[in-house]
Amino acid sequence: MANLKNGALVYIPQAVTLVDMANICADDPQLTIPLRVRETTSPTVGVVVERHPERGLLQVYCEGERWAVKDVHVYPLPPEE
């Protein structure tokens, strides 16, 4: 989903893993260790906060918190034609 921009709405399906990282783009692997991991129990909507295409990750704001998610697991809202 390289065409998603900051502020874009995304659909996050059920059973997608969301990860809370202290620093999503750190060069030190120790700083990218997940602090929390959560799996969505139902579809939800998020807002793209940051993009990290070199890592295949997006940082999204959903359900009141910021999470990292693989960009291939989310879909733009509304669907682009």
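It is to be established whether one or more residues within segment 36-53 are at pLDDT 95 or above, open to solvent by 80 Å² or more (accessible area, probe 1.4 Å) and within 18 Å of ALA8 (Cβ to Cβ).
No - not one qualifying residue is present in segment 36-53.
Quick check on my filter: what residues within segment 1-35 are modelled with pLDDT of 95 or more, part of a loop (DSSP other than H, G, I, E, B) and either crowded, with 16+ Cβ neighbours inside 10 Å or of a type in the set (Ser, Thr, Tyr) (or both)?
VAL16
So which residues in segment 56-81 are loosely packed, with under 15 Cβ neighbours inside 10 Å, outside any strand (DSSP E or B) and touching a strand residue (DSSP E or B) at 6+ places or on another chain (Cβ under 9 Å), if there are any at all?
Correct list: GLY56, GLU63, PRO78, PRO79.
The values are calculated or read from the model by the stated rules, or taken from the named source; none is laboratory data. These numbers come from a predicted model, not from an experiment. Here Cβ is always computed from backbone atoms with ideal geometry, including for glycine, and neighbour counts include all displayed protein chains. SASA here: full protein model, heavy atoms, side chains in, ligands and nucleic acids out. Shrake-Rupley method; radii C 1.70, N 1.55, O 1.52, S 1.80 Å.
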